[in-house]
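Computed from the coordinates by the stated procedures, all read-outs in this text should not be read as laboratory data. Keep in mind that this is a model prediction, so the values were computed, not measured. With ideal geometry, Cβ positions are generated from the backbone for all residues, glycine too; neighbour counts draw on all protein chains shown.
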Amino acid sequence: MSYYRLKQTDFNGQTEVFDAVEVNCSNETSQIEISCYPNPFTTEVNVVVNNSVSDNATINVYNILGSKVFSKSVSQDEMQLKTFTLDLAGLSNGVCFVEYKSDSYSGVTKMVKH
């Protein structure tokens, strides 16, 4: 746990000191995290979703123009595994975006296909 306090000094010399705030700097998080590997990839990519408990989720892949080129609904059984393998062999080479979307969260990460 770390504590921070802000002291602001205006151009006219007036200062104000704010109350200290508590910041948890631990590596453990309860926020949903999405990551993909390998990056860059050639045919398959693994999508890892941590800390998600949603019943309804989808994984979408968009090309650089924003067009959806792949979509997968994630079942509750698959959600327990936390890792999803996507076969993207038919995707054109270049930058793409992988989106994980659930009832309470939407996150996007960038990938490169070689």
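Some values worked out for this structure:
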{"item": "Gly90 being on the phi > 0 side of the Ramachandran plot and more than 20 Å from the chain's Cα centre (by Cα)", "result": "no"}
{"item": "Odd one out for Tyr37, checked against (1) surrounded by fewer than 17 Cβ atoms within 10 Å (Cβ to Cβ); (2) more than 15 Å from Lys110 (Cα to Cα); (3) within 17 Å of the chain's Cα centre (by Cα)", "result": "(2)"}
{"item": "Inter-residue pairs, beta-carbon under 6 Å, first exposed (fewer than 10 other Cβ atoms within 10 Å of the Cβ) and in segment 1-14, second hydrophobic (A, V, I, L, M, F, W, C) and outside any loop (DSSP other than H, G, I, E, B), 6+ apart", "result": "Ser2/Val23; Tyr4/Val21; Lys7/Val17"}
{"item": "Qualifying position, being farther than 18 Å from Asn46 by Cβ and surrounded by 11 or more Cβ atoms within 10 Å (Cβ to Cβ), among Tyr100, Tyr105", "result": "Tyr105"}
{"item": "Some residue of segment 71-81 being aliphatic (A, V, I, L, M) and part of a loop (DSSP other than H, G, I, E, B)", "result": "no"}
